[in-house]
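Colleague: Got a structure here, written out as structure tokens. Questions coming.
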Amino acid sequence: MLKFISEQTVARGMELQLGIWMRGYEWINSPRPNYSIEGLNADTHGPYCRDAVRALLKAIPAVSGVTFRVHGESGVEEGSYQFWKTVLEGVATCGRKVEIDMHAKGMDQTMIDTAVATGLPVKISPKYWAEHFGMPYHQAEIREPERPKPGRDATGLMKFSAGSRSFLRYGYGDLLREDRKWGVLHRIWPGTQRLLLWGDPLTAAAHSRAFRFCGSDGVEIMEPLSFKGRRGSGIAGNRTAYADPSLTPRWDWKKYEYSHRIWGRLLYNPDASPDIWRRVRNLQGGVKLYF
């Protein structure tokens, strides 16, 4: 099924990039896990993940990139450079060029260098406006909770993202060096826009310019219903959050249809009015939609 999805995506002029969220095999502080993993240990963990990602990419040749969560929420302790070097070897040896995309949270230079050393194109994706959509410009400063504090050294899974590298939890931090060998692709998380609609072409154009800030490579837009498969998704009903049921469309995705058009479809629509065209013609930059 995944191979079919990837082939149909490419047939429609788009690319498919896999997002691999979890790498841990031990459920710490999870007393009743519904799916447990057996047969792995510290010595076999890295090689198993390397061989698995290589086999997956070979079986699905239409996939053009892989997104890795490399911070502690992956279940792997931050700073596990040898583990990630081993895993990334699986991408580098799959037989074709595949982009490596890594979340910025907890990222440090050694981890970046580990990815760049594969010789593959590397993107790092910081969150644009924390957990929300935000205004059409980058955060003006690091928020107080994310500022590293002298003597606040963290340990365990989140030792960087909760310690010396906490400033990369939100925003581009120190990733936009002029001599960088990696791309920076900003990410819009599915936060406030799941509830609060918008549809202004001028705002979209302003966001687009921000996505090119200091040579950035564009944006990843987490579609508002990206998290539809999370907790509670099996509950009957939709997730439009309307108090007035008369506003609820037949399909919940219809709520966001106009916002999606503003992001890009009007730009290429030859039937759009000249006024609309003038307002959205500056909407440029690489855009990835995540579903």
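The values are calculated or read from the model by the stated rules, or taken from the named source; none is laboratory data. Small disclaimer: the values here were computed from a predicted structure and weren't measured. Heads up, the Cβs are rebuilt from the backbone with ideal geometry, glycines too, and the neighbour counts pull from every protein chain shown.
Colleague: What's the total number of residues in segment 1-26 that are of a type in the set (A, V, I, L, M, F, W, C) and in contact (Cβ under 8 Å) with a residue 12 or more places away in the chain?
Modeller: Start the filter on segment 1-26 by keeping residues that are of a type in the set (A, V, I, L, M, F, W, C), which leaves 1-2, 4-5, 10-11, 14, 16, 18, 20-22.
Right, trim to in contact (Cβ under 8 Å) with a residue 12 or more places away in the chain and you get 2, 10, 16, 18, 20-22.
Count: 7.
Colleague: State the number of residues belonging to segment 61-120 that are touching a helix residue (DSSP H, G or I) at 6+ places or on another chain (Cβ under 7 Å) and among the basic types (Lys, Arg).
Modeller: Summing the residues that are touching a helix residue (DSSP H, G or I) at 6+ places or on another chain (Cβ under 7 Å) and among the basic types (Lys, Arg) in segment 61-120 gives 2.
Colleague: Counting only residues that are aromatic (Phe, Trp, Tyr), surrounded by 14 or more Cβ atoms within 10 Å (Cβ to Cβ) and either in contact with a strand residue (DSSP E or B) (Cβ under 9 Å, 6 or more places away or on another chain) or closer than 16 Å to residue 82 by Cβ (or both), how many does segment 10-58 have?
Modeller: At the first step, the residues of segment 10-58 found to be aromatic (Phe, Trp, Tyr) are 21, 25, 27, 35, 48.
Now restrict to residues that are surrounded by 14 or more Cβ atoms within 10 Å (Cβ to Cβ): 25, 27, 48.
From the residues that got through so far, the ones that are either in contact with a strand residue (DSSP E or B) (Cβ under 9 Å, 6 or more places away or on another chain) or closer than 16 Å to residue 82 by Cβ (or both) too are 48.
Total meeting the criteria: 1.
Colleague: If you don't mind, there's one more thing I want to ask. What residue, among those in segment 179-208 that are aliphatic (A, V, I, L, M) and out of contact with any strand residue (DSSP E or B) (no Cβ under 6 Å at 6 or more places or on another chain), is farthest from residue 136 (Cα to Cα)? Lay out the reasoning, then the answer.
Modeller: Kept after step one, since they are aliphatic (A, V, I, L, M), are these residues of segment 179-208: 184-185, 188, 195-197, 202, 204-206.
Next cut, out of contact with any strand residue (DSSP E or B) (no Cβ under 6 Å at 6 or more places or on another chain) only: 195-197, 202, 204-206.
Numbers: 195: 18, 196: 16, 197: 15, 202: 10, 204: 8, 205: 9, 206: 5 Å.
Filtering first and then ranking leaves 195.
Colleague: Among the residues of segment 135-161, how many are under 26 Å from residue 191 (Cα atoms), touching a residue at least 40 places away in the same chain (Cβ under 8 Å) and not basic (Lys, Arg)? Can you show your working first?
Modeller: Of segment 135-161, the ones under 26 Å from residue 191 (Cα atoms) are 135-148, 157-161.
Then keep just the ones that are touching a residue at least 40 places away in the same chain (Cβ under 8 Å); that gives 136-138, 157-161.
So of that shortlist, the ones also not basic (Lys, Arg) come out as 136-138, 157-158, 160-161.
Looking only at that region, the number is 7.
Colleague: Quick test of your reading of the structure: residue 167 fulfils all but one of (1) part of a loop (DSSP other than H, G, I, E, B); (2) at negative phi; (3) in contact with a helix residue (DSSP H, G or I) (Cβ under 8 Å, 6 or more places away or on another chain); (4) of a type outside the set (A, V, I, L, M). Name the failing condition by number.
Modeller: Checking residue 167 against (1) part of a loop (DSSP other than H, G, I, E, B); (2) at negative phi; (3) in contact with a helix residue (DSSP H, G or I) (Cβ under 8 Å, 6 or more places away or on another chain); (4) of a type outside the set (A, V, I, L, M), the one that fails is (1).
Colleague: Quick check: is even one residue across segment 207-222 acidic (Asp, Glu) and surrounded by 16 or more Cβ atoms within 10 Å (Cβ to Cβ)?
Modeller: From segment 207-222, those acidic (Asp, Glu) are 217, 220; that's our starting set.
From the residues that got through so far, the ones that are surrounded by 16 or more Cβ atoms within 10 Å (Cβ to Cβ) too are 217, 220.
Yes, segment 207-222 has at least one match.
Colleague: May I ask you to list the residues in segment 53-86 that are over 20 Å from the mean Cα position of the chain (by Cα), over 30 Å from residue 162 (Cα atoms) and in a helix (DSSP H, G or I)?
Modeller: 54, 55, 58, 59
Colleague: Residues that are charged (D, E, K, R), under 17 Å from residue 89 (Cα atoms) and either assigned to a loop (DSSP other than H, G, I, E, B) or at pLDDT 95 or above (or both): does segment 26-34 have at least one? Steps first, answer last, please.
Modeller: Applying the first criterion (charged (D, E, K, R)) to segment 26-34 yields 26, 32.
Remaining after also requiring under 17 Å from residue 89 (Cα atoms): none.
No, every residue in segment 26-34 fails to be charged (D, E, K, R), under 17 Å from residue 89 (Cα atoms) and either assigned to a loop (DSSP other than H, G, I, E, B) or at pLDDT 95 or above (or both).
Colleague: Name the single residue that is surrounded by the most Cβ atoms within 10 Å (Cβ to Cβ) among those in segment 240-284 being at pLDDT 85 or above and outside any helix (DSSP H, G or I).
Modeller: 248
Colleague: Related question: Among the residues of segment 41-73, count how many are touching a Phe, Trp or Tyr at 6+ places or on another chain (Cβ under 7 Å) and either at pLDDT below 95 or among the β-branched types (Val, Ile, Thr) (or both). Steps first, answer last, please.
Modeller: Quick first cut of segment 41-73, residues touching a Phe, Trp or Tyr at 6+ places or on another chain (Cβ under 7 Å) only: 45-46, 69-70.
Narrowing further to those that are either at pLDDT below 95 or among the β-branched types (Val, Ile, Thr) (or both): 69-70.
Result for segment 41-73: 2.
Colleague: With respect to residue 115, is the statement that it is of a type in the set (A, V, I, L, M, F, W, C), in contact with a strand residue (DSSP E or B) (Cβ under 6 Å, 6 or more places away or on another chain) and modelled with pLDDT of 95 or more true?
Modeller: Values: of a type in the set (A, V, I, L, M, F, W, C): yes; in contact with a strand residue (DSSP E or B) (Cβ under 6 Å, 6 or more places away or on another chain): yes; modelled with pLDDT of 95 or more: yes.
Answer is yes for this residue.
Colleague: Another question about this same structure. How many residues are among the β-branched types (Val, Ile, Thr) and surrounded by fewer than 13 Cβ atoms within 10 Å (Cβ to Cβ) if we restrict to segment 114-164? Let's see the steps before the verdict.
Modeller: Let us first name the residues in segment 114-164 that are among the β-branched types (Val, Ile, Thr), namely 114, 116, 118, 122, 124, 142, 155.
Narrowing further to those that are surrounded by fewer than 13 Cβ atoms within 10 Å (Cβ to Cβ): 155.
Total satisfying the criteria: 1.
Colleague: Looking at (1) in a loop (DSSP other than H, G, I, E, B); (2) more than 25 Å from residue 14 (Cβ to Cβ), which is the only condition residue 89 fails?
Modeller: Of (1) in a loop (DSSP other than H, G, I, E, B); (2) more than 25 Å from residue 14 (Cβ to Cβ), only one is false for residue 89: (1).
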